[in-house]
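To keep things clear, I will list the structure first and then write my remarks on it.
The values are calculated or read from the model by the stated rules, or taken from the named source; none is laboratory data. Everything numeric in this text was worked out from a predicted model, so none of it was measured. Methodologically, a virtual Cβ is constructed for each residue, glycine included, from the backbone with ideal geometry; neighbour enumeration extends over all protein chains shown.
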Amino acid sequence: MSTITLAPMEGVVDYLLRELLTEAGGIDLCVTEFIRITETRLPTLTFHRLCPELKHGCRTKSGTPVHIQLLGNNPELLAFNAAKAAKLGALGIDLNFGCPAKTVNRHKGGAVLLQDTELLYDIVSAVREAVPDDIPVTAKMRLGYLDSEPAVINAKAIEQAGASSLTVHARTKLQGYKPPAHWQELVAIREAINIPLIANGDIFSAEDAKKCREMSGCSDIMVGRGVLRNPDLPVAIANSSAEDCPEAQWQRSLELIKRFTEKVTQTPDDPEQVHPYFINNPRRYLDGRLKQWLSMMSKSSVQAQELFEQVKRETCIQGISEIIQEAA
């Protein structure tokens, strides 16, 4: 049976988006935004802040399991923090070898590690050894850093180090997010390893998902920007059905946007389970996340573009909330 995973989009998909998007249906697994591991043994508070689902069986309110993603280059520290996450209740540990951000790569994290196959092996091996056997250790990578030549050897190293599955964004770091995603290049990786390969990149419609599966041979997929543009996408993919008309899609998307806004502006039931901006700076949180979400939706929705134009220059939280609640 094929699975659909919600991608760990840094700065976008936090626990509140995970809650809302999994309620919409079709998503089998979520992965958190990356938790950066540098020279620190992180406190429990950090894990609870970035993955408050840990307090509830590491599942969203609708019951979708959540895995914790770690990013760093120190095998020992990654292993220590992975073990701590597991002790706190993590259902799985994912390792980030795919982030293309310059600041991350400059500090030897994310996709830049794809230039060091031995270090990839050491990281996965150390984490696998530190985490109980019943907790999966997985990894996400790109085809490569400058080119895709090391894709197969990196994938095999990750498998040999003990990973239980591998997700590949079908572009190199150099290619960034420029279309198209090279799904056909996943075939060689899939044929070289014996663990599940999850395909990722440019899945914006049910038809895209079908083509991705056909070209890559992968039954499991990960969706990212596509589900932010259209929260109905996972259900359409799971049911192998065409998406509804744009107007129906927009009405369901708008309902999620309104619920998101309400949750940010209202006093939470449990202050310990919210993003710190909810308490310290809800305006900044709402302003940043909502505008980013609407900007992504604007790529495929005229209504989202119109709403984005209304809120993008608004800085008052009450003003933003009123615009959203009056939208139709």
TODO: Name the helices (runs of 4 or more DSSP H) wholly inside region 211-316 in which the number of residues that are modelled with pLDDT under 90 and over 18 Å from ALA327 (Cβ atoms) is 3 or more.
DONE: 276-280, 282-297
- [ ] Consider only pairs whose beta carbons are under 6 Å apart and that are at least six residues apart or on different chains; among these, list those whose first residue lies in region 165-188 and is in the same structural domain as LEU146 (by TED's automatic domain parsing) and surrounded by 14 or more Cβ atoms within 10 Å (Cβ to Cβ) and whose second residue is among the β-branched types (Val, Ile, Thr) and in a strand (DSSP E or B).
- [x] SER165/THR138; THR167/ILE198; LEU186/VAL168
TODO: Identify all residues within region 84-132 that are touching a Gly at 6+ places or on another chain (Cβ under 8 Å) and charged (D, E, K, R); write none if there are none.
DONE: ARG128, GLU129
Task: Of residues in region 63-113 being at pLDDT 95 or above and of a type in the set (S, T, N, Q), the one nearest to PRO8 (Cα to Cα) - done: GLN69
TODO: Return the pairs, sorted by first residue and then second, in which the second residue is at pLDDT below 85, the first residue lies in region 315-327 and is within 14 Å of LEU256 (Cα to Cα), the beta carbons are less than 6 Å apart, and the residues are 6+ apart or on different chains.
DONE: SER321/THR265
Task: Scan of region 8-28 for residues that are outside any loop (DSSP other than H, G, I, E, B) and either more than 18 Å from ILE93 (Cα to Cα) or of a type in the set (Ser, Thr, Tyr) (or both), ordered by number - done: TYR15, LEU16, LEU17, GLU19, LEU20, LEU21, THR22, GLU23
TODO: Answer with yes or no whether GLU39 is of a type outside the set (Ser, Thr, Tyr), over 27 Å from ILE257 (Cα atoms), part of a loop (DSSP other than H, G, I, E, B) and not assigned by TED's automatic domain parsing to the domain that holds ARG252.
DONE: yes
- [ ] Name every residue in region 133-167 that is among the aliphatic types (A, V, I, L, M) and under 18 Å from the mean Cα position of the chain (by Cα), in order of residue number.
- [x] VAL137, ALA139, MET141, LEU143, LEU166
Open item on the list: Of the conditions (1) assigned to a helix (DSSP H, G or I); (2) in contact with a strand residue (DSSP E or B) (Cβ under 6 Å, 6 or more places away or on another chain); (3) small (Gly, Ala, Ser), ALA199 satisfies every one except a single condition; which number is it?
Closed with: (1)
TODO: Hey, can you tell me all the residues within region 37-66 that are touching a strand residue (DSSP E or B) at 6+ places or on another chain (Cβ under 8 Å), β-branched (Val, Ile, Thr) and farther than 19 Å from LEU21 by Cα?
DONE: ILE37, THR46
